[in-house]
Ligand code: LUZ
Ligand code: MOS
């Protein structure tokens, strides 16, 4: 079944926040944000802005009717800066005007005087100075300390990954409308309507039942709207609550890029120990997470880094420590993979380093250490592995030995162009690591004409979750999909929702839908049995017809629904689902946090132009563990999108903040994202269909986040290409491998020579300065 939104998408009829018809009297907001990354506010001059044409009001922290606090996990984030600013882009004031243009024009007239304070942008520096968001966390299995002696090979190194801009096509925004009795209705581009409701409740002081949050769909979220949609909703709702008028704010691209957080950059140290059979027997890793100025979701992201720090490998002795470091950058936040990719990059770097030093291909080490069923993850959960199956299928899919030989032959024949190949296995745990969030609800109404409406806590953000929810309803009732409508996500219909995140949205909300539909179905069957005077157990609904003992009864879906209604039996149900069997002890760092794991293996081939430093991804061939996919078209879309987004993170996308904490890559002219030309020339996706039972909806495993991590393979394929051009080059494990960085890595001797020349010129310059007065005397 194709995505139910494809029709309105292609016709441009799909409604996003900025497409909602505005109510008469709507005002427009625009934010004045800090131009300085850290400092004390000495003076804020709003006079000119307040007198600017069309301006109705300028709000600051002084106008907050509730509390000036929007921190989700830790209350450490002000909505409006009060005495201090902590990052460039921190909201200081909000202009409300008759038009969007007038609001933005007035923002430019606000003057602020800030006494500068020291700025930290580097997580290691923050850790050194004790600037931590939460105390360090450690996950541990076995005994590393006593194992190093038994290792035949030990390698140490450092690995760095940069941030990533979410670049959802629809920017952040909100639209708040006042209702009677103090109610505020909020349209928000959020992955988490309940998070918005809570944040608005705190800031306005209004109880949650006075706040209705409604979301039809998002033009992408990728984690960027899991927590950070709250700010804009809180700003608009506060203005609406004070002014009793509708207030809308749809951020411009540059406002969005400047004011919102991104994927967390990490800097990490590793030590890896192998025995003579190339089994990894010890691994020690320390992560420095660049959290930005406040916690946001950083502690949860940090935890998932620890969960995934051994990727798809069984390592019996591991000690992993993670620091969440406070810096003067916008608070970094959830991004597809949620810290997992950052952890996985480091173990892959450690393996690549070992392979370099031992003079072998990394896949030999990778393959020997793959997780097997019955192994234990470092957090105590028993492994049910598809790692070997995916690996073996991927190896034969692309005939790895032949492919490697082809690469070697090509490299032998070509001086300017070099190819590289890498294997990237993945393993990703499905469930919110915070156990209580693994719950969902669905509200199903069957109308008397046989049509059905379903509401859940799931947010449609392009990932196709509404199509999957619709499939669940149609399948349980065995009715035509056209009879089913998926409603918008609304806090008055579905309360206390978890964010649409952690790849778990279709599982959790799909299962809640299954619960609700199954309950209605059993009522319908009872009515049919009564009417047809047979046992309930022989009733079956198939293709909108009622069957008894496999024989058409003459009763159809519409008649059954009407009969049920006539008997005064409810055609509605509110279903509730919680993932069974999961638990986690945060103090011990042990438990069974995940419903299941998703596996896969990707093989990436690249070609590098060694004169220019530019490159192409020739192919990515992968085998992915779908369980039993309930919608192949949608799932393939998620794999392709995730893969390309991962390749972007690893190769092109470079978030650059200067020493003053100002974002230099603040537009699409300076921040390069993958376009159609960066897409691998060939993508082959093979399904690992398994018959095993699992906790996924219809056994169709979660597919949102895992494929992003296939993109890590591109980094290592490029690195291998560089090394076949110049074996003396040992490219740092420092992503992204941009063309510029790649070029420098091709010619490390020349770079060194240039550095030496530059250095000696520096020395001469200082000597000249020093000697010139004396020279004058002579
Ligand atoms: N969000 C969250 C997530 O709050 N908890 C998680 O475990 C998670 N994992 C992936 C993506 N978002
Ligand atoms: Mo997410 S990173 O699943 O919002």
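The numbers here are math on the coordinates, done by the rules we state, and not lab data. Not measured: the values here are computed from a predicted model. All Cβ positions, glycine included, derive from the backbone under ideal geometry; neighbour counts span all protein chains shown.
Gain in length, residue 757 to residue 405, computed as 0.36 nm per residue apart minus the alpha-carbon separation, to one decimal in nm?
Full-extension gain reported as 122.7 nm.
Please report how far the C-alpha centroid of the stretch 529-547 lies from that of the stretch 262-284, rounded to the nearest whole angstrom.
59 Å
Any chance you could run the full-extension gain for residue 253 through residue 22? It's 0.36 nm times the residue separation minus the Cα-Cα distance, nm to one decimal.
81.1 nm
How large is the direction-averaged shadow of the alpha-carbon convex hull of the stretch 29-90, in nm²?
Taking the Cα atoms of the stretch 29-90, their convex hull projects to 5.0 nm² on average.
Quick one: grab Rg to one decimal and Dmax as a whole number for the stretch 451-583, Cα atoms only, in Å.
Cα-based Rg and Dmax for the stretch 451-583 come out at 16.0, 49 Å.
In nm, give the distance between the simple-model label positions of residue 11 and residue 730, each being 7 Å from the Cα along the Cα-to-Cβ direction.
For residue 11 paired with residue 730, the spin-label model returns 6.2 nm.
Run the helix sum for the chain: -39,500 (n - 2.57) per DSSP H stretch of 4+ residues, divided by residue count, reported at 222 nm to the nearest 500 deg cm²/dmol.
-10000 deg cm²/dmol
Given R₀ = 25 Å, what would the calculated FRET efficiency be for residue 585 paired with residue 376, taking r from the Cβ atoms and rounding to 0.05?
Numbers: r = 15 Å, r/R0 = 0.60.
After rounding, the FRET efficiency stands at 0.95.
So if I take the centroid of the Cα atoms in the stretch 53-123 and the same for the stretch 704-725, what is the distance between those two points in Å?
One Cα centre to the other: 40 Å.
When DSSP beta bridges are limited to those with both residues in the chain, what percentage is antiparallel, rounded to the nearest 5?
Bridges in the chain that DSSP calls antiparallel: roughly 80 percent.
What spacing in nm lies between the two simple spin-label points modelled at residue 534 and residue 242, each 7 Å away from Cα in the Cβ direction?
Going from the residue 534 label point to the residue 242 one covers 6.7 nm.
Suppose R0 equals 25 Å. What FRET efficiency, 1/(1 + (r/R0)^6) with r the Cβ-Cβ distance, do residue 670 and residue 614 give to the nearest 0.05?
0.85
Defining a contact as two alpha carbons under 8 Å apart and six or more residues distant in sequence, what relative contact order in percent does the chain show?
Result for the chain is 14 percent.
Give the whole-number value, in cubic angstrom per residue, of the convex hull volume spanned by the C-alpha atoms of the stretch 360-475.
Spread over its residues, the Cα hull of the stretch 360-475 gives 218 Å³ apiece.
Please quote Rg/Rh for the chain to two decimal places, taking the Kirkwood radius as Rh and restricting both calculations to Cα atoms. Spell out each step's value before the answer.
Working: Rg = 28.4 Å, Rh = 28.1 Å.
Ratio value, two decimals: 1.01.
In the stretch 89-133, how does Rg compare with the Kirkwood Rh, expressed as the Rg/Rh ratio over alpha carbon atoms?
Taking Rg over the Kirkwood Rh, I get 1.23.
Sorting 684, 623, 476, 92 on the 10 Å Cβ count, fewest up front, what's the list?
684, 476, 92, 623
Could you tell me the relative contact order of the stretch 154-305? Use alpha-carbon pairs under 8 Å, at least six residues apart, and round to a whole percent.
Taking the mean separation of contacting Cα pairs over the length of the stretch 154-305, I get 31 percent.
Based on the alpha-carbon gyration tensor of the stretch 605-684, what equivalent-ellipsoid semi-axes (square roots of 5 times the eigenvalues) come out, in whole Å, largest first?
Working: eigenvalues 172, 68, 19 Å².
Working from the Cα gyration tensor, I get semi-axes of 29, 18, 10 Å.
Please list, in order, the residues from the stretch 414-450 whose amide nitrogen is less than 18 Å from a point placed 7 Å along the Cα→Cβ vector of residue 518.
439-445
Taking the alpha carbon gyration tensor of the stretch 158-203, what are the square roots of 5 times its eigenvalues, largest first, to the nearest whole Å?
33, 13, 7
In whole Å, what three semi-axes, largest first, describe the equivalent ellipsoid of the stretch 712-755 built from its Cα gyration tensor (square root of 5 times each eigenvalue)? The partial results should precede the final answer.
On the way: eigenvalues 63, 26, 11 Å².
One finds semi-axes of 18, 11, 7 Å for the stretch 712-755.
So, in Å, what gap is there between the alpha-carbon centers of the stretch 300-330 and the stretch 580-601?
The two parts, judged by their Cα centres, are 15 Å apart.
Please compute the length gained on full extension between residue 744 and residue 691, using 0.36 nm multiplied by the number of residues separating them and subtracting their Cα-Cα distance.
On the way: separation 53, 0.36 × 53 = 19.08 nm, distance 4.87 nm.
Once the chain is fully extended between residue 744 and residue 691, it gains 14.2 nm.
What is the stretch 349-496's relative contact order, in percent, from Cα pairs under 8 angstrom and six or more apart in sequence?
Numbers: 126 pairs, mean separation 19.7, N = 148.
Normalised by residue count, the contact order of the stretch 349-496 is 13 percent.
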